[in-house]
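The values are calculated or read from the model by the stated rules, or taken from the named source; none is laboratory data. Please read these numbers as outputs of a predicted model, since none were measured by experiment. Cβ placement follows ideal geometry from the backbone for every residue including glycine, while neighbour counts extend to all protein chains displayed. Ligands, DNA and RNA are excluded from the accessible area calculation, which covers all protein heavy atoms including side chains. Shrake-Rupley method; radii C 1.70, N 1.55, O 1.52, S 1.80 Å.
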Amino acid sequence: MFEFKTKLPVGEEAADMSCDYSMYTWEAQGDVKPNVVTKTDGCYVWNEKGEKRFDIGSGAVCSNVGHGQKHIQEAIKFQADRVEYCTHDNVTDVRAALSKKLITEFAPKNMSKVIFGTGGGEMNEWALRVAKEYTGRYKILSQYGAYHGAQYGAANLTGEGWRFTSDPPIAGHTHFFGPNYEDQVVGAKFESEEAWTEFLLGQLKNIIEIEGPQKIAAIFFEAITGGGGAIVPPKGYYKGVRELCDKYGILLVMDEVMVGFGRCGKNFGHEYFDVEADIITFAKGVTSAYLPFGGLMVNEKIATYFETHPAPVGCTYTAHPLSCACALATLEVYQEQNLIENSYNMGMIIENKLKEFETIHPSVEKTRGKGLLRCYRLVKELRENEEALNKLVQMYDDKGYCNIFFRLGNFVIAPPLSISEDEVNMILKDTDEVLTEMDKYLK
């Protein structure tokens, strides 16, 4: 059995040592109180105290196939014994097989080729470059409230106000109000989905014409908004966007980093809306986070362009052999265990129960989502009640959940796609109890 020559810390010693010698992202270091993860399996995570917790957020909404899948672990070991690395201009058998499987068995029919990198933010950075190179234009549109990554370009795509030192913004990046308009602007109400769609498309058309369509390379969307609370666009919205893109020669980029690979009950989230993207970015679910990996797919027109023009992207770890092997095995797990179908079926159980919660719990403003990306949004009075918000998180923690995804009054339910019906019912029972407690905070 393998052993490190370096002594590994045990229990709380590991947490203390990590805080002494490493830095944590997105937090002031003095506020960090990390748990030590000692074991994972299926939908569960164990800490140094031996406590078993249910992973209600699939890590960072990335552990799609669940923890401890032996087929994936063995694929990584298999590849490590053969070829652990080669440069981007060489090829491995796993890269070739993965590329074909992705394009012919998982991707929408209009996708032609794929480029591999290391993660979602990087893939959105690359999509920026590909779009600008292909169109010869420099402006980029993306929506307020969206999240596209933390790298400089990706952070500028992100339509949230916490970009820190990624401001001032890159010249040519413009944000607009998209499908999450109702969450962003207080009091915005529409008589129907169609009216909402008409309003949003009118706003987008105005922005395109004001910015100059001849200057706009691409419009970026999260296919279904993830971090903002599982926001599904209204009927006809993406079809209208596609028509605007075709009219003005603008590329439509779908960021499927969070919602791709079955998270929403289909291979890719935008497939619900009967629309074709020009570029698709992905990460997370392609390896279910067993290794860092990501990619972008392009349609035939873009692929043909780059037959005679250099692709303006790349990195040291492009198409890393271990990650390619990991991704190939992950796709096989999706297929063999029918996990994408399970995501849809389990998601419908959650959807029906959440709709019931809308009617019986006054604390719930709305519910939404697709597949196993589901959300309930608290009413305004509770979103502004710090005591209630802290109580909600604490109740889920006390009930044995980890990776709790709760922000801006939106609670996201995003368990691994391998979840059983019994486990779904456990989440719903506990959520019913939490919301009953939230109801008590209302005047």
- prompt: Which of the residues belonging to segment 366-395 are in contact (Cβ under 8 Å) with a residue 40 or more places away in the chain and in a strand (DSSP E or B)?
  reply: R368, G369, K370, L373, R374, C375, Y376, R377, L378
message: If I go through segment 327-365 residue by residue, how many of them are assigned to a helix (DSSP H, G or I), closer than 25 Å to L389 by Cα and among the aliphatic types (A, V, I, L, M)?
response: 3
query: Among the numbered criteria (1) of a type outside the set (D, E, K, R); (2) under 29 Å from A289 (Cβ atoms); (3) in a loop (DSSP other than H, G, I, E, B), which single criterion is violated by P234?
result: (2)
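Could you please let me know if N124 is surrounded by 14 or more Cβ atoms within 10 Å (Cβ to Cβ) and either modelled with pLDDT under 95 or in contact with a His (Cβ under 6 Å, 6 or more places away or on another chain) (or both)? Don't jump to the end; show me each part of the working.
Working: surrounded by 14 or more Cβ atoms within 10 Å (Cβ to Cβ): yes; either modelled with pLDDT under 95 or in contact with a His (Cβ under 6 Å, 6 or more places away or on another chain) (or both): yes.
For N124, the condition - surrounded by 14 or more Cβ atoms within 10 Å (Cβ to Cβ) and either modelled with pLDDT under 95 or in contact with a His (Cβ under 6 Å, 6 or more places away or on another chain) (or both) - is met.
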- line: Within segment 136-173, residues hydrophobic (A, V, I, L, M, F, W, C) and modelled with pLDDT of 85 or more come out as I140, L141, A146, A150, A154, A155, L157, I170, A171
- prompt: P179 is checked against (1) touching a strand residue (DSSP E or B) at 6+ places or on another chain (Cβ under 8 Å); (2) at pLDDT 90 or above and fails just one. What number does that condition carry?
  reply: (2)
- prompt: Does any residue of segment 251-270 turn out to be closer than 17 Å to I219 by Cα, of a type in the set (V, I, T) and either at pLDDT below 95 or open to solvent by less than 10 Å² (accessible area, probe 1.4 Å) (or both)?
  reply: yes
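Could you check segment 26-49 and list, in sequence order, the residues that are assigned to a loop (DSSP other than H, G, I, E, B), open to solvent by less than 50 Å² (accessible area, probe 1.4 Å) and in contact with a Ser or Thr (Cβ under 8 Å, 6 or more places away or on another chain)? So that I can check it myself, show each step before the final result.
Of segment 26-49, the ones assigned to a loop (DSSP other than H, G, I, E, B) are 26-28, 32-36, 43, 48-49.
Restricting the remaining residues to those that are open to solvent by less than 50 Å² (accessible area, probe 1.4 Å) gives 32, 34, 36, 43.
P34, C43, listed by residue number.
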task: Could you please let me know if G371 is touching a Lys or Arg at 6+ places or on another chain (Cβ under 9 Å), on the phi > 0 side of the Ramachandran plot, crowded, with 17+ Cβ neighbours inside 10 Å and at pLDDT 95 or above?
output: yes
query: In segment 20-73, how many are within 17 Å of N403 (Cα to Cα), of a type in the set (A, V, I, L, M, F, W, C) and touching a residue at least 40 places away in the same chain (Cβ under 8 Å)?
result: 8
- prompt: For residues in segment 307-333 being in contact (Cβ under 8 Å) with a residue 12 or more places away in the chain and within 21 Å of N110 (Cβ to Cβ), which is least open to solvent (accessible area, probe 1.4 Å)?
  reply: L331
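Kindly provide the set of residues from segment 2-12 that are open to solvent by 70 Å² or more (accessible area, probe 1.4 Å) and either under 27 Å from the mean Cα position of the chain (by Cα) or within 18 Å of G50 (Cα to Cα) (or both), ordered by number. Give the steps one after another, and end with the answer.
Kept after step one, since they are open to solvent by 70 Å² or more (accessible area, probe 1.4 Å), are these residues of segment 2-12: 2-8, 10, 12.
The answer is L8, V10, E12.
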query: Out of all the residues in segment 51-63, is one or more modelled with pLDDT of 95 or more, hydrophobic (A, V, I, L, M, F, W, C), surrounded by fewer than 17 Cβ atoms within 10 Å (Cβ to Cβ) and farther than 30 Å from R163 by Cα?
result: no
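One line per residue, one yes/no per condition, for (1) of a type in the set (A, V, I, L, M, F, W, C); (2) free of Cβ contacts under 8 Å to residues at least 12 places away in the same chain:
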site: E84; (1), (2): no, no
site: V94; (1), (2): yes, no
site: L98; (1), (2): yes, no
site: T104; (1), (2): no, yes
site: A107; (1), (2): yes, no
site: K113; (1), (2): no, no
site: G120; (1), (2): no, no
site: A127; (1), (2): yes, no
statement: Note on L435: of the conditions (1) out of contact with any helix residue (DSSP H, G or I) (no Cβ under 8 Å at 6 or more places or on another chain); (2) in contact (Cβ under 8 Å) with a residue 60 or more places away in the chain; (3) aliphatic (A, V, I, L, M); (4) farther than 30 Å from Y290 by Cβ, unmet is (1)
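Restricting to segment 13-24, name every residue that is within 13 Å of V37 (Cβ to Cβ) and open to solvent by 100 Å² or more (accessible area, probe 1.4 Å). Step through it out loud before you land on a result.
Filtering segment 13-24 for residues within 13 Å of V37 (Cβ to Cβ) gives 14-15, 18.
Matches in segment 13-24: none.
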message: Whether any residue in segment 188-208 is closer than 16 Å to L128 by Cα, of a type outside the set (D, E) and open to solvent by less than 30 Å² (accessible area, probe 1.4 Å) is what I want to check.
response: no
- prompt: Has segment 291-306 got at least one residue that is modelled with pLDDT of 95 or more, in a loop (DSSP other than H, G, I, E, B) and buried (at least 21 other Cβ atoms within 10 Å of the Cβ)?
  reply: yes
- prompt: For H88, all conditions in the list (1) open to solvent by less than 30 Å² (accessible area, probe 1.4 Å); (2) part of a loop (DSSP other than H, G, I, E, B); (3) in contact with a Ser or Thr (Cβ under 6 Å, 6 or more places away or on another chain); (4) of a type outside the set (F, W, Y) hold save one; what is the number of the exception?
  reply: (1)
